[in-house]
Number of protein chains: 2
Amino acid sequence: MDQLFSFDQLRSFTRDVFLKIGCSQAHAELASEVLVSADLRGVDSHGVARLSGYIRLWEAGRINPTPDIRIVHETPSTAVVDGDGGLGLVVAPYAMQVAIDKATNVGTGWVSVKHSNHFGIAGYHAMKALEHDMIGMAMTNASPLVAPTFAKERMLGTNPIAVAIPAGEQPAFVADFATTTAANGKLEILQRKEQEAPTGWVQDKTGNASTNPNELKSGGALLPLGGDRDHGSHKGYCLGAVVDIFSAVLSGANYGPWAPPFVSFLPLPPDPVGEGLGHFFGAMRVDAFRPADEFKGHMDTWIKRFRNTTPVDEAQPVLIPGDPEREMAAERINSGIPLLLPVVKDLKEVAAKFALDF
Amino acid sequence: MDQLFSFDQLRSFTRDVFLKIGCSQAHAELASEVLVSADLRGVDSHGVARLSGYIRLWEAGRINPTPDIRIVHETPSTAVVDGDGGLGLVVAPYAMQVAIDKATNVGTGWVSVKHSNHFGIAGYHAMKALEHDMIGMAMTNASPLVAPTFAKERMLGTNPIAVAIPAGEQPAFVADFATTTAANGKLEILQRKEQEAPTGWVQDKTGNASTNPNELKSGGALLPLGGDRDHGSHKGYCLGAVVDIFSAVLSGANYGPWAPPFVSFLPLPPDPVGEGLGHFFGAMRVDAFRPADEFKGHMDTWIKRFRNTTPVDEAQPVLIPGDPEREMAAERINSGIPLLLPVVKDLKEVAAKFALDF
């Protein structure tokens, strides 16, 4: 049912597509690396399955392939970056580097971004800090699909948060999660398998609990982490709101229901309150707090102690954030990345459009 | 069933108690303000109901009433503060002020704290940034009561996160929540009412789902926000873990299962990995990103738009984080703070111990 491709195959094809829409060589290389990293780490919903979506946005004039990405406001520890309508896949690495540079100089760096687009997986950007012995953070707002607690209207995106923390001998701690009970990609998997969703993932258009994974197609909404008020959905709503405000109100991007949709067939919301989509990045030098070796030694202790937590079921040990994605990447870099046949078909259509082989 | 007290009554009594254990006048004033702010805002579990707990910690020699609170490491945008075993109620305001001062200078300030104790409500500290047109953040680790996803062992505290964001004409956005499905205080309410807890709040000592609010007394655990794996508990676990690492691994405090318990009858965990409890504070000047008036105007738009979200039930409008606590404070400052009779009895015992009136 799946077809296997190597990381390099997918990366070079994706790079060639980005070159075809007019990206520079450097931008096409970078965008393809970020995009295919999602497939490598097992976040299939955010990888090459989205390539045709980016292309449709470009066809609709909503992506600028040759952006002039630049800092428009700054202090020693902060900046606002204007993505100039570019691919989030290239705007985000630029902004994360600004955060890292500021952290090098004054201990931490915090960058809010406007006028961008979908940036791939948050974890990729946060992990860029690790090689500098820094803690990295990345978040973004996104197409409004989520109803706040007590609401039947879609007001927020799945607004993910990623935090990457370096360790010593142990692999890094990498949390990367949507602030909803489940990401939209998980619903798509249930749709294909024709299975019901657990309660607490979605509600119907009247705001009633639902287990129908197709609910979003008929006006329903995703639910904030927690699911309902009794189970703490107001906390998931708080998290999604903070991501929205840090990403878009701080920078001057569109927030809440004004966030531009990823799918090109939906019109842009009228009366925009800002420019494009927003992101937020942070970098903190660990030696801005204590010597790096000391910190990393204690992270090793933290990780080993949590990995050895007594499990409920001996067959399912307690995991450290980042474990599943790292193991998936190690497997897929060797044995290949499996793509579903509809995704392969979609990529063949993209190839045909640009007279490329796939 | 409840007895009413004014904010000033509770504050001056609490101040007198802190003076009796040897705090300076300034520390006693501050600690009482922080503690009784919890009662004022309706977070009854974190207010004067805990006073006797602090006193027992002092009696056990685990609180230093005359701490030498100081910065032990810093960069332009960061610091580590050593609380010298003091009340978190005075250590936290000191550290938050350091964060604010650094933000004044370089745009943002980030302070990790070691060798502290329970700091009251996180929201109080985050809100200190508001008067400076800054975004404030506060978090803390706490007594291990929470089992990570797949675990039956208690490894993390309820590890709250608070984020306070200034607006213009609208009241500020103030999120303040435990990273568990429900805070321990909510279980205590159910215990008193002899009611069952919703599923997803607690598990028993073998790791099975439970609705018994007394489960923690027999080796059970609180659950991370999400409740179980299907409902995203791994995300709540990630959040609690990040709070633990920022608060304690960055600073050199005790983390995970080594966090010192709030209750004095439990022994300190053997082989400590750091000193005391840890906190983490942040302050970001909004004009380090865009002009403050512009930012606050857009926050007003954000808040008004979210408040006007179409609700599921007209009788229950969509709330902005901070609404319930602000309304509670406005009511209680005028009509008084109701205390449960067991809490009144507890305070009378504290009063008798120090020959004070209550």
Using the basic label-point model (7 angstrom from Cα toward the beta carbon), what is the A:Val72 to A:Leu340 distance in nanometres?
3.7 nm
Calculate the mean, over all residues of peptide A:100-110, of how many other protein chain Cβ atoms lie within 10 angstrom of the residue's Cβ.
5
Please give the net charge around B:Ile333, taking every other residue with its beta carbon less than 14 angstrom from that of B:Ile333, where Lys and Arg add +1 and Asp and Glu add -1.
-2
Please work out the C-alpha center-to-center distance from the range B:215-238 to the range A:283-310 and express it in whole Å.
23 Å
Is the range B:1-153 rounded, prolate or oblate when judged by the Cα gyration tensor, a ≥ b ≥ c being the square roots of its eigenvalues, rounded requiring a/c under 1.5 and prolate requiring a/b larger than b/c?
rounded
Quick calc: nm separation of the 7 Å Cα→Cβ label points for B:Ala352 and A:Asp293 -> 5.7 nm
Tell me, what is the FRET efficiency for B:Arg326 and B:Ser45 to the nearest 0.05, using R0 = 25 angstrom and their Cβ-Cβ distance as r?
0.85
Per-residue average of Cβ from other chains inside 10 Å of B:116-129:
0
Which order, highest average first, do B:277-284, B:5-12, A:219-226 follow once you tally other Cβ atoms within 10 Å for each residue and take the mean per peptide?
B:277-284, A:219-226, B:5-12
Relative contact order of chain B (C-alpha contacts under 8 Å, at least 6 apart) in percent is 21 percent
What does the helix-only formula give at 222 nm for chain A: each DSSP H stretch with n ≥ 4 adding -39500 (n - 2.57), the total divided by the residues, and the result rounded to the nearest 500 deg cm²/dmol?
-11500 deg cm²/dmol
Three-way shape label, chain A, alpha-carbon gyration tensor, a/c 1.5
rounded
In terms of modelled amide H atoms, which long-range or inter-chain residues lie less than 5 Å from the amide H of B:Thr180?
B:Leu225
Taking a cut-off of 21 Å between Cα atoms, list the lysines near A:Lys345, but don't count ones fewer than 8 places away on the same chain.
A:Lys20, A:Lys186, A:Lys193, A:Lys353
Chain lengthening between B:Lys217 and B:Asp271 when straightened (0.36 nm per residue, less Cα-Cα)
17.0 nm
In nm, spacing of pseudo-spin labels at A:Ala60 and A:Arg307 (7 Å Cα→C-beta vector):
4.4 nm
10 Å Cβ neighbours from other chains, averaged over peptide B:243-250:
5
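Every read-out reported here was derived from the displayed coordinates using simple, explicitly stated rules and does not represent laboratory data. Quick caveat, the model's predicted, so the values are computed rather than measured. We place every Cβ from the backbone using ideal geometry, glycine too, and count neighbours over all the protein chains shown.
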